Each structure stands twice: as structure tokens, then as C-alpha cells.
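J.: Got a structure here, written out as C-alpha cells. Questions coming.
The values are calculated or read from the model by the stated rules, or taken from the named source; none is laboratory data. Every value quoted in this text rests on a predicted model; they were computed, and no experiment measured them. Heads up, the Cβs are rebuilt from the backbone with ideal geometry, glycines too, and the neighbour counts pull from every protein chain shown. For the accessible areas, the whole protein counts, side chains as well, though only heavy atoms, and no ligand, DNA or RNA atoms are used. Shrake-Rupley method; radii C 1.70, N 1.55, O 1.52, S 1.80 Å.
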Amino acid sequence: MSTLEEHIDVDAPLETAWDCLHRPETYPRFLNGVRDARPEGERRTHLDVDTGGRAQGFEVEIVDREMENVMTWRTTSGPDLAGTFSLLPIDRAHTRLQARFEYDPDTIKETFGGPRGFAQATAIERGVRSDLQQFKELAEAEGKGR
């Protein structure tokens, strides 16, 4: 299993960022490849994902540790993927989002295609950074609207 950790500082209060993470309908706005997302019960979300040119459905289980501002997720169907989003208050108006992504490189290759080895790790890192930047833009726009 490989692990990637990245973070980004967001110019929005922690509550705004937490709210954005917990609305599946916003996932296509910041998660590349996610075409649609909808809740499937209290702790499950269904994602329609573009996997190398074809659509595939994934079921994701989400577990919150609200007192710690941590959201943990793992796929329960589709490829074996998992991760954690941790929100840390910088001050009342700024939040740090830390993302941890756990994956098997062979599973990524089989599901999404693309390169192997170092090139694959670089592509995944770029993708996660892009997702975090898009999340930052979403949360900041929503924070200004409040």
C-alpha cells in the first residue's frame, strides 16, 4: 500500500470547510474524475467516476470523528482505496486541510490506467494537489457568501 499526504491552507472558517466536505453534491466540483455523487444512507456515498474513459460506480463509507474534525473514507466497492481529511483551524477565518490517500499502485493502474512507478506517483500527487486547490476555491467562495 502506498500513502500520499498533502495539505492546503484555505481562507475560510473550519465550519465552512467541514460543510463542503460533507455535501456529496459538491464532490464533482473538486474531485477530478467524479461525475456525480449522492448520499446512500447516513454513512455511505455513491460516486460515479470516470476511470480511464469509462464510467464506474464506487460505494464509499464515510466515518467522522467530529470532535477531532477528521473525516475518514474507504471504498466498499470498486478499487480498494482509503483516505482521511483532517481540518485544523489556523485562526477563526483560516483552515488547513490535510489529505491522506492510501492506495495500491497496481489497483490504480488496473482501474484508472496510466503510467506505473515514479510516473504514476507523480501523476497521483498532481491529481491530489489539483483536487485540494479546487476544494480551496470552493470553500473560499462559500465562505465569502456567508
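J.: Whether any residue in region 21-42 is more than 12 Å from the chain's Cα centre (by Cα) and touching a residue at least 40 places away in the same chain (Cβ under 8 Å) is what I want to check.
T.: No, because not a single residue in region 21-42 is more than 12 Å from the chain's Cα centre (by Cα) and touching a residue at least 40 places away in the same chain (Cβ under 8 Å).
J.: If GLY83 satisfies every condition in (1) buried (at least 17 other Cβ atoms within 10 Å of the Cβ); (2) not in a strand (DSSP E or B) but one, which is the exception?
T.: Failed condition: (2).
J.: Based on what the data block shows, is ASP106 under 19 Å from GLU137 (Cβ atoms), out of contact with any strand residue (DSSP E or B) (no Cβ under 7 Å at 6 or more places or on another chain) and not β-branched (Val, Ile, Thr)?
T.: For ASP106, the condition - under 19 Å from GLU137 (Cβ atoms), out of contact with any strand residue (DSSP E or B) (no Cβ under 7 Å at 6 or more places or on another chain) and not β-branched (Val, Ile, Thr) - is not met.
J.: Related question: Among (1) at pLDDT 85 or above; (2) open to solvent by 20 Å² or more (accessible area, probe 1.4 Å), which single condition is LEU132 missing?
T.: Checking LEU132 against (1) at pLDDT 85 or above; (2) open to solvent by 20 Å² or more (accessible area, probe 1.4 Å), the one that fails is (2).
J.: I would also like to ask the following. Specify which of the listed residues (ARG92, ARG38) is within 23 Å of THR111 (Cα to Cα), among the basic types (Lys, Arg) and either in contact with a Ser or Thr (Cβ under 9 Å, 6 or more places away or on another chain) or open to solvent by 50 Å² or more (accessible area, probe 1.4 Å) (or both).
T.: ARG38
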